[in-house]
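Inspection log for the structure reproduced underneath, given as structure tokens.
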Amino acid sequence: FQHIVTDLYAFIGTLVSGLVIVFTGFDRADAIASLVVAALMFKSGVQLQRKAIRVLLEGAPEGLSPSAIGMAMAHGAHVKEVHDLHVWELVPGNPLLTAHVLVARDADCHAVRRNLEQMLKERFAIGHTTLQVDHAADEVLSIRRRAVHHASSEPK
């Protein structure tokens, strides 16, 4: 589409500069039109490159805040925790989301997942999600390093 629009700019610039040259004799109109068309091409090229770089670097889509999305998910019914949240796009305009969601022990994790997917679609226009939903543990497992006493290896 950008290429077609740029061709349209070039056609209009050629037409206008041609008319100016024919009716006024101002032969520099062609050079001025060329500079205007080149500037428009440069502008559209920069915008296209910005979108391509965002996709290649798997950056968050423009206009979507991962922290706002995470907070909205975390405030969902029965949601205890959201982590490993990733928002990116493979094609500009089609955001993707993956996350790990912990829900209350007595909650229906499938219903929570469906509700989150619906909210993400309606509120953030994210239609493709991969949510790993698990029940939260009652207590957190704590692993501590114990002091290890080494016996002397020298004979007594």
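A few points about this structure:
- Just so you know, in the range 1-23 the residues that are part of a helix (DSSP H, G or I) and open to solvent by 100 Å² or more (accessible area, probe 1.4 Å) include one that is nearest to Gln47 (Cα to Cα), and it is His3.
- Evaluation of Gly63 against (1) open to solvent by 70 Å² or more (accessible area, probe 1.4 Å); (2) more than 30 Å from Tyr9 (Cβ to Cβ); (3) of a type in the set (Gly, Ala, Ser); (4) modelled with pLDDT under 90 (one fails), failing number: (2)
- Checked against (1) part of a helix (DSSP H, G or I); (2) modelled with pLDDT under 90; (3) open to solvent by 50 Å² or more (accessible area, probe 1.4 Å), Glu58 meets all criteria but (1).
- Residues that are surrounded by fewer than 16 Cβ atoms within 10 Å (Cβ to Cβ) and under 22 Å from Ala136 (Cβ atoms) were ranked within the range 81-90; the one that is nearest to the chain's Cα centre (by Cα) is His86.
- In the range 38-53, the residues that are in a helix (DSSP H, G or I) reach residues that are open to solvent by 60 Å² or more (accessible area, probe 1.4 Å) and of a type outside the set (Ser, Thr, Tyr) with C-beta atoms within less than 7 angstrom, at least six apart or across chains, in these pairs: Ser44/Gln2; Leu48/Gln2; Lys51/Pro92.
- Residue selected from the range 91-133 under the condition assigned to a strand (DSSP E or B) and open to solvent by 70 Å² or more (accessible area, probe 1.4 Å), by the criterion modelled with the lowest pLDDT: Val91
- Among residues of the range 1-53, those that are of a type in the set (Asp, Glu) and under 30 Å from Leu90 (Cβ atoms), counted: 1
- Against the criterion of being over 20 Å from Val87 (Cα atoms) and modelled with pLDDT under 85, Gly45 qualifies.
- Applying the set (1) closer than 30 Å to Asp134 by Cα; (2) surrounded by fewer than 16 Cβ atoms within 10 Å (Cβ to Cβ) to Met73 leaves exactly one unmet item: (2).
- Ala52 meets all of the listed conditions (1) more than 29 Å from Asp134 (Cα to Cα); (2) open to solvent by 50 Å² or more (accessible area, probe 1.4 Å); (3) under 24 Å from the mean Cα position of the chain (by Cα) but one, namely (2).
The values are calculated or read from the model by the stated rules, or taken from the named source; none is laboratory data. For clarity, every value in this text was computed on a predicted model and none was experimentally measured. Methodologically, a virtual Cβ is constructed for each residue, glycine included, from the backbone with ideal geometry; neighbour enumeration extends over all protein chains shown. Surface accessibility is based on the protein's heavy atoms, side chains included, excluding ligands, DNA and RNA. Shrake-Rupley method; radii C 1.70, N 1.55, O 1.52, S 1.80 Å.
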